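The structure under discussion appears below in the form of structure tokens.
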Amino acid sequence: MTTMTAAFFDGKGKMELRDHPKPVIGPEDIILNVKATGICG
């Protein structure tokens, strides 16, 4: 099983990057490879 890096939020203003198993996709699904993002607030 391959993994991906995913962002997890604990609900208290903390974010943690962790390895997570890649989801299994169906014939009408896609996986996006996000290069950059922003978080405001």
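Read-outs throughout are calculated quantities, based only on the coordinates presented, and are distinct from any laboratory measurement. Remember, predicted model here, so these are calculated numbers, not experimental data. Counting neighbours? That spans all protein chains shown, and the Cβs are built from the backbone with ideal geometry, glycine included.
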**Q.** Label point distance in nm, residue 39-residue 15, each placed 7 Å from Cα along Cα→Cβ
**A.** 0.4 nm
Q.
What FRET efficiency comes out for residue 1 versus residue 28 if R0 is 25 angstrom and r is the Cβ-Cβ distance? Round to the nearest 0.05.
A. 0.70
**Q.** Sequence-separation-based contact order of the chain, relative, with Cα cut under 8 Å and 6+ spacing, percent
**A.** 32 percent
**Q.** Alpha-carbon radius of gyration plus Dmax, which is the widest Cα pair, for the chain in Å
**A.** 12.8, 36
Q) Hey, what do the phi angles of the stretch 17-25 turn into as Karplus ³J(HN,Hα) couplings, whole Hz, using 6.51/-1.76/1.60 and θ = phi - 60°, x for Gly and Pro? A) 8, 9, 6, 9, x, 5, x, 7, 9
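Just to confirm the filter: which trypsin sites (Lys or Arg not before Pro) across the stretch 1-36 are DSSP coil and have at most 15 other Cβ within 10 angstrom of their Cβ?
12, 14, 35
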